[in-house]
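Just so you know, all these numbers are worked out from the coordinates, no wet-lab data involved. The structure displayed is predicted, hence computed values, not measured ones. As a convention, Cβ positions derive from the backbone with ideal geometry for all residues, glycine included, and neighbour counts pool all protein chains shown.
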Amino acid sequence: MGIVSRGFRGRRREGGDELPPGQYLVEDFPVLSAGPTPRVPLDRWEFAIDTEDGQTHRWSWQEFMALPMQTPTVDIHCVTKWTKLGTTWEGVSLDVFFEDVESAAEYALVYSYGGYTTNLPLEELLDGKAWIVHSFDGEELEPRHGGPARLLVPHLYFWKSAKWVRGIRLLNEDSPGVWETAGYHNYGDPWREQRYEGD
Amino acid sequence: MTAEHLDGNALAGPLGEIFAVDVTAAIGRCASCGLTGPVAALRVYGPEPGLVARCPGCEEVVLRLVRGPGTAWLDLRGTVSLRLNIPD
Amino acid sequence: MRRRLVWRAARLHESRAETATARTLVFDVPGWPGHVAGQHVDVRLTADDGYTAQRSYSLAAPADGERIELTVETVPDGEVSPYLNEVVEPGDQVEIRGPVGGWFVWRPESKAPVVLVGGGSGIVPLMAMIRARRQAGSRAPFRLLYSLRDQDSRYFAAELRQPEAGLDIAYLYTRATPSGAARPAGRITLADLAEGGWPADFEPDCYVCGPTGFVEAAADLLLALGHPPERIRTERFGPTGG
């Protein structure tokens, strides 16, 4: 540990039992960016699932909005150590999108407008664990938070919840995404504090 | 928000932990569009979860740097070359 | 050849207010290797439970042995700058890594005319260049264009008020002008740079520092006046400050 600066406390607040190890609580909603914020007009927006044998399932914005909506309230944990409790979103469970998709793939690579990617085992996206969301806290999702639509996978560190989501590619082999190829953990479980490669 | 990024000057400290010469004054060539210019003129996003430096011409990623406990990961695949001035 | 950077313990010697929201902090840094005008440092604060926060700040003056000066604007809701403005006292310690940055620098050997364009706290590394010029007895002709909100937000006010041979200063107020000022309040314009800078055929080195929007606008205006891109050096203060 470095030299302690007298009287410095920082912005963080004490964590409790409900927080994963090493996390601290925030009330605001920090924005982290790795590039310019993409602006995606709704009439050109689409979401796709590409299977390992080359089939593509597509949804336009209208088709997406016609699917059955859920409003999950979840805790989110960023690898940069902030946790935000009780966030409420509105969107469609990925189980709905996968209803008519035939696949034996084990891995998923999520890709976004603007070029972002992140990988996870396909099973982490199923069984009510993940959504494509278009609203946060009752309001349309702002572009800086991933609007018009982002992935929400709250049981993993939040970099897996890709902003500006555009599609999911199903793969037989795992293919690490943007942060997973630059030192971050391949799986990213906040409760096991899997921040960096080797954790 | 118009001020999303910093510039490559902000890489001087983090890269100075790794290299013995100042890399921000080096002239780099973008692997995507071929633009050459000083690392100091790149558009830098971050610093968390990692520093991402993009080409001011085409916005492709030129350099990435993630700093974890006791480790740094440096990704230069967006850079064709770096020309550094080194005293003989 | 420079050695790899390390964090050094720095002890606050004294501090003085520049404006209602900015302070100059003078630190003693044992082992300080010296620096060039325009370079910056990283400052790291550590809490007693190990939590750390780190920010970059420009050096405001040439080194006086192992003594260095930073001028820091308080960012509302910031984490490091409010500590440096309101909490730290003489004798307290922080960690400093530097100097860093070899691009946005002015060296006293250079004889070329210089145009300095600063927006808000972007004046700080430019002030380091003005002070380095004075200290070296350089005769390189300098012109400073200082864009700021109003008179009360002026850094280094007393020092810049002293006439100095070879240094011309234009204040560009964006919100409120002092009584009798000819220029109306407003953002930097082509006319400001044409009148207050050097013509492109004098081949000046141009240094632009400030918030990202200001830097982009000023650099575009310099290009429009015919200054070649390789003579325009920029440094942005971005959204991650504080």
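Round to the nearest 0.05 the FRET efficiency obtained for B:I18 and A:E140 when R0 = 41 Å and r is the Cβ-Cβ distance. Here the calculated transfer efficiency is 0.45.
Here the stretch C:35-109 and the stretch C:151-198 have alpha carbon centers that stand 26 Å from each other.
Note on the stretch A:47-192: percent of Cα-Cα distances in each 10 Å bin, starting at 0 and stopping at the bin with the largest distance, equals 12, 45, 36, 7. The 3J(HN,Hα) values that the Karplus relation (6.51, -1.76, 1.60; θ = phi - 60°) gives for the stretch B:81-88 are, in residue order, 7, 10, 9, 10, 8, 10, x, 7 Hz. Gly and Pro appear as x. Normalise the Debye intensity by I(0) for the stretch B:6-83, one equal point scatterer per Cα, no solvent, then take log10 at q = 0.16 Å⁻¹ and round to two decimals. Cα-only, vacuum Debye calculation for the stretch B:6-83: -0.49. Under a 5 Å amide H cut-off, with hydrogens placed 1.01 Å from N, A:A149 pairs with A:W164, A:V165 among residues at least 5 apart or on other chains.
Between 0 and 90 degrees, the angle of helix C:123-136 with respect to the longest Cα principal axis of chain C falls at about 90 degrees. Restriction of the GluC sites (Glu not before Pro) in the stretch C:63-136 to DSSP coil positions whose beta-carbon has at most 14 other beta-carbons within 10 angstrom yields C:E109.
Hull volume per residue, based on the alpha-carbon atoms of the stretch C:45-93 and their convex hull, is 99 Å³.
Here's the picture: a label point sits 7 Å out from the Cα of C:A112 along the beta-carbon direction, and within the stretch B:12-51 the residues with their amide nitrogen under 15 Å of it are B:38. Seen from all directions on average, the protein assembly as shown presents a Cα convex hull projection of 26.7 nm².
For chain A, the dipole from Cβ point charges (+1 on Lys and Arg, -1 on Asp and Glu) about the Cα centre works out to 1260 debye, to the nearest 20. Among the trypsin sites (Lys or Arg not before Pro) found in the stretch B:43-88, those both in a DSSP coil and sparsely packed, with 12 or fewer other Cβ atoms within 10 Å of their Cβ, are B:R77.
Inter-chain neighbour count for B:43-54: the average number of beta-carbon atoms from partner chains within 10 Å of each residue's beta-carbon is 6.
Rg/Rh for the stretch C:114-237 (Cα atoms only, Rh after Kirkwood) is 0.93. When the P(r) is computed for the stretch C:7-100, the part past 17 Å accounts for 44% of the Cα-Cα pairs.
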